[in-house]
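What follows draws every value from the coordinates through simple rules; no lab data is involved. No experiment lies behind these values; they were computed from the predicted model shown. Here Cβ is always computed from backbone atoms with ideal geometry, including for glycine, and neighbour counts include all displayed protein chains.
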Amino acid sequence: MAELTALESKIGEVLGLAMAAQGATEKVAKLVEDEGDHGDLRTALQRMHEEARETEQRTTELAGSVEGKKTAILDKARETKQEATKMMSTYLGDDADALDGFEFLTMAEAGEVGHWSIVGKLNERARLAGLQELVDWVTPIQQRHFEQTLEGSLELAADEDPNEPA
């Protein structure tokens, strides 16, 4: 397997996070659905799912343009997806509710914002063709995802009885 640079490894990580985000939004959508009427949250989750899918496609295309490294980048992406999915299953156990789901997504989206920012910073020196355009496209989307998951968490928290036993 080809050895990855720091930037190429980070590209694999953001690709893996986009892959994992699709499963996470599906899982949290089910938790929301199980609790009743939160159509606005389900709509936001569906949009985040579709944007994660598009991010995966665009990042995979970019990985294909990196001479001789596509397979290694995709391997890194699968490894990252596996790690993120394991974290999700640990955090969202059998007793998870919609608020737990949105709390997890808030952490995950914050991580994606951070990872994409790092990719952009590394690319300032590397100047990988097409990467800055991808970073410019995805960063505002990831920031919006973070804001939406935080807002969703707060909306769900407002419905909780703070004095009820956990």
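In table form, for the structure just shown:
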| quantity | calculated |
| --- | --- |
| Every residue from region 43-82 that is among the hydroxyl-bearing types (Ser, Thr, Tyr), surrounded by 14 or more Cβ atoms within 10 Å (Cβ to Cβ) and under 21 Å from Glu151 (Cβ atoms) | Thr55 |
| Residue that is surrounded by the fewest Cβ atoms within 10 Å (Cβ to Cβ), among those in region 128-166 that are polar (S, T, N, Q) and either under 18 Å from Asp37 (Cα atoms) or more than 16 Å from the chain's Cα centre (by Cα) (or both) | Asn163 |
| Conditions (1) more than 30 Å from Ala166 (Cβ to Cβ); (2) within 17 Å of the chain's Cα centre (by Cα); (3) in contact (Cβ under 8 Å) with a residue 60 or more places away in the chain; number of the one not met by Met48 | (1) |
| Residues that are more than 30 Å from Pro162 (Cα to Cα) and small (Gly, Ala, Ser), drawn from region 85-124 | Gly114, Ser117, Gly120 |
| Among residues of region 100-123, those that are within 17 Å of Glu26 (Cα to Cα) and either free of Cβ contacts under 8 Å to residues at least 40 places away in the same chain or surrounded by 20 or more Cβ atoms within 10 Å (Cβ to Cβ) (or both), counted | 9 |
